[in-house]
1. Mind listing whichever residues of the stretch 109-126 are surrounded by 14 or more Cβ atoms within 10 Å (Cβ to Cβ) and under 22 Å from residue 26 (Cα atoms)?
2. Residue 129 versus (1) in contact with a helix residue (DSSP H, G or I) (Cβ under 7 Å, 6 or more places away or on another chain); (2) over 30 Å from residue 202 (Cβ atoms); (3) surrounded by fewer than 17 Cβ atoms within 10 Å (Cβ to Cβ): which is the lone unmet condition?
3. Collect the residues in the stretch 154-174 that are in contact with a strand residue (DSSP E or B) (Cβ under 9 Å, 6 or more places away or on another chain) and either buried (at least 16 other Cβ atoms within 10 Å of the Cβ) or modelled with pLDDT of 95 or more (or both), keeping them in residue-number order.
4. Determine if the stretch 175-187 includes at least one residue that is touching a strand residue (DSSP E or B) at 6+ places or on another chain (Cβ under 9 Å) and either under 24 Å from residue 127 (Cβ atoms) or not in a helix (DSSP H, G or I) (or both).
5. Being exposed (fewer than 15 other Cβ atoms within 10 Å of the Cβ), under 22 Å from the mean Cα position of the chain (by Cα) and in contact (Cβ under 8 Å) with a residue 24 or more places away in the chain, is that true of even one residue in the stretch 264-275?
6. Being within 19 Å of the chain's Cα centre (by Cα) and free of Cβ contacts under 8 Å to residues at least 40 places away in the same chain is the filter; apply it to the stretch 60-89 and report the residue that is farthest from residue 135 (Cα to Cα).
7. Quick check on my filter: what residues within the stretch 192-226 are crowded, with 18+ Cβ neighbours inside 10 Å and free of Cβ contacts under 8 Å to residues at least 40 places away in the same chain?
């Protein structure tokens, strides 16, 4: 192993916020948080005894991986394998959360990841889950009586499941918001009778309307309301073509209060009346 890749944990200054396990039995080996200035105190590249995960809370430090610079903007989450040498440098102050686990069963058999890393930016609504996980670990390791190893093992299982969903299972995805988009599509198809579809969809996804419009429009090329309306009209055409329901009955199925409301919407969309379509 090259000199720069020797396994070594470079600890921060003693007055910085971090914790290091003093027993081999702990699944959590190292925990760090708070502000760092990697310009004044850069960290040389090295490998570690465990799997390192970092969430950048503020700033945009540079991670040095195999002598290449990787900028890590605010909100980036990265998982680095134990055989991947990495370090830090950069201008300005950054805030981050870091874990180092002895083992991660979900990544243990991935030889490519063991010698490398995976990273992606998290949307704002995705970050609280990891902040909460870090808080759980931090409060446990700082207990006056010392950490309960069973509790830390429970945190590891929860962390492993969460990081797999957000990082490992998404390496082949191009769209980081694909889960929300898929859920939005399914909800719309199942609730074409909703009279307040956007408000109800935002409640379901726990997103603000501005975030929903931004994410959905980026993925679909249209607004969620336009998508809802198009799917509603397509469903109306299908029901009318079946010739088993009247225009009034189709309007009721699709949540319209009056048949005339459906007729106006249908004519605007298709350029013909529902009765002509039948």
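1. Listed by number, the list holds a single entry, 114.
2. Answer for residue 129: the failing condition is (2).
3. 155, 156, 159, 160, 163, 166, 167, 168, 170
4. yes
5. no
6. Per the stated criteria, the residue is 71.
7. 197, 201, 202, 205, 212, 216
Matching residues to (1) in contact with a strand residue (DSSP E or B) (Cβ under 7 Å, 6 or more places away or on another chain); (2) farther than 20 Å from residue 123 by Cβ; (3) surrounded by 16 or more Cβ atoms within 10 Å (Cβ to Cβ):
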{"residue": "43", "(1), (2), (3)": "yes, yes, yes"}
{"residue": "52", "(1), (2), (3)": "yes, yes, yes"}
{"residue": "57", "(1), (2), (3)": "yes, no, yes"}
{"residue": "60", "(1), (2), (3)": "yes, no, no"}
{"residue": "63", "(1), (2), (3)": "yes, yes, yes"}
{"residue": "66", "(1), (2), (3)": "no, yes, no"}
{"residue": "71", "(1), (2), (3)": "yes, no, no"}
{"residue": "84", "(1), (2), (3)": "yes, yes, yes"}
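The values are calculated or read from the model by the stated rules, or taken from the named source; none is laboratory data. Keep in mind that what you see is a predicted model, and the values were worked out from it rather than measured. Here the Cβ is made from the backbone with ideal geometry for all residues, glycine too, and neighbour counts use every protein chain on show.
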